[in-house]
Amino acid sequence: MKKTIALSLVLAASMRLAACGQKADDAAANAADTMAAEAVEGAENAADATMNAADAAVDATANAADAAANTVDAAADAAAGAAEAAK
């Protein structure tokens, strides 16, 4: 009888340890999955920010080129006006 009770207690303790061990493994796996998902999200955000910065640089370059072209046009118009007035 004592052996049966002792064996039952050992079995119950073993089951508890096994159950706790599984929960710890699950928690570790969930933490790893969460960290991996956050890393991917961070990389995607960094890529988006880089693309936005590149788009802004392209837009700024296009605006500078337009401004330069407008300045050249204005200078040409002024030169034409001066030449017309000199006649």
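Since every read-out is calculated from the coordinates, none of them should be taken as a lab result. As the structure is a prediction and not an experimental result, all values here were calculated from the model. Positions of Cβ are backbone-derived with ideal geometry, glycine not excepted, and every protein chain shown enters the neighbour counts.
Data table
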| read-out | value |
| --- | --- |
| Approximate spin-label separation A86-A29, in nm, with each point projected 7 Å along Cα-to-Cβ | 8.7 |
| Shape box of the stretch 43-87 [Cα atoms, principal axes, largest first, Å] | 66, 5, 5 |
